[in-house]
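Note sheet for the following structure.
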Amino acid sequence: MSRIGIKPITLPAGVEVRVDENNIVYVKGPKGQLQEKVSNLLKVENKDNVVTVTRDGDDAEKRSQHGLARTLINNMVIGVTEGYEKKLELVGVGYKAEKKGKKLVLNLGFSHPIELEDPEGITTEAPDANTVIVKGIDKAKVGNYAADIRAFRKPEPYKGKGIKYEGEYIRRKEGKTGVSAS
């Protein structure tokens, strides 16, 4: 049995879960509404504010989908109640971020600033010049948008300059030494 898949999901107050005949799970809460298509090999039930995901067989495909479906539903429940956020740090001389309306403006050492419009369902904040916070209710969208921002300047191993996640460890390399050929 899947260790994660068999765990029930207890719904907090104010969260509604509905499953339609096509196995699409709708989760509605104080922060918004999300939906996810679950494999037809699984059965999702909501009884007395407890959501369970079950499977009727033990073949490899059903086992592989079981834990995934339960985790996706749990992430939706957490998203509509608490939300998700990723913090990014800009490290480098002259690297800065600022918020102008719905646009995030990044100065990353290029000849031009990078202007990014916030996608639907995602908000960004720049509390100071070296920090960007990406917030939203969909865990996958928040992670993907944070990764897209990070991709403009990944941290490099020699000076540590670039955009990194908060708490991310950058493995540093030693530079060249001044050995002369004599």
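Below is a table of values for the structure above.
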quantity: Restricting segment 151-179 to residues that are aliphatic (A, V, I, L, M) and surrounded by 14 or more Cβ atoms within 10 Å (Cβ to Cβ), the residue that is farthest from residue 87 (Cα to Cα); calculated: 170
quantity: Residue match in segment 114-124 (condition: crowded, with 19+ Cβ neighbours inside 10 Å, part of a helix (DSSP H, G or I) and at pLDDT 95 or above); calculated: no
quantity: Residue list for segment 129-146, filter: more than 19 Å from residue 73 (Cβ to Cβ) and open to solvent by 40 Å² or more (accessible area, probe 1.4 Å); calculated: 129, 130, 135, 144
quantity: Cross-chain or 6+ apart pairs with Cβ under 8 Å, segment 82-96 first and aromatic (Phe, Trp, Tyr), then loosely packed, with under 14 Cβ neighbours inside 10 Å; calculated: 95/109
quantity: Answer from 115, 36, 61, 45 - the residue that is acidic (Asp, Glu), out of contact with any His (no Cβ under 8 Å at 6 or more places or on another chain), in contact (Cβ under 8 Å) with a residue 12 or more places away in the chain and within 23 Å of residue 166 (Cα to Cα); calculated: 115
quantity: Odd one out for residue 146 among (1) within 30 Å of residue 30 (Cα to Cα); (2) free of Cβ contacts under 8 Å to residues at least 24 places away in the same chain; (3) among the small types (Gly, Ala, Ser); calculated: (2)
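The values are calculated or read from the model by the stated rules, or taken from the named source; none is laboratory data. Just so we're clear, the structure is a prediction, and the values are computed from it rather than from any experiment. Note: ideal-geometry Cβ built from the backbone for every residue, glycine included; neighbour counts use all protein chains shown. Side chains included, ligands, DNA and RNA excluded: accessible areas come from the protein's heavy atoms. Shrake-Rupley method; radii C 1.70, N 1.55, O 1.52, S 1.80 Å.
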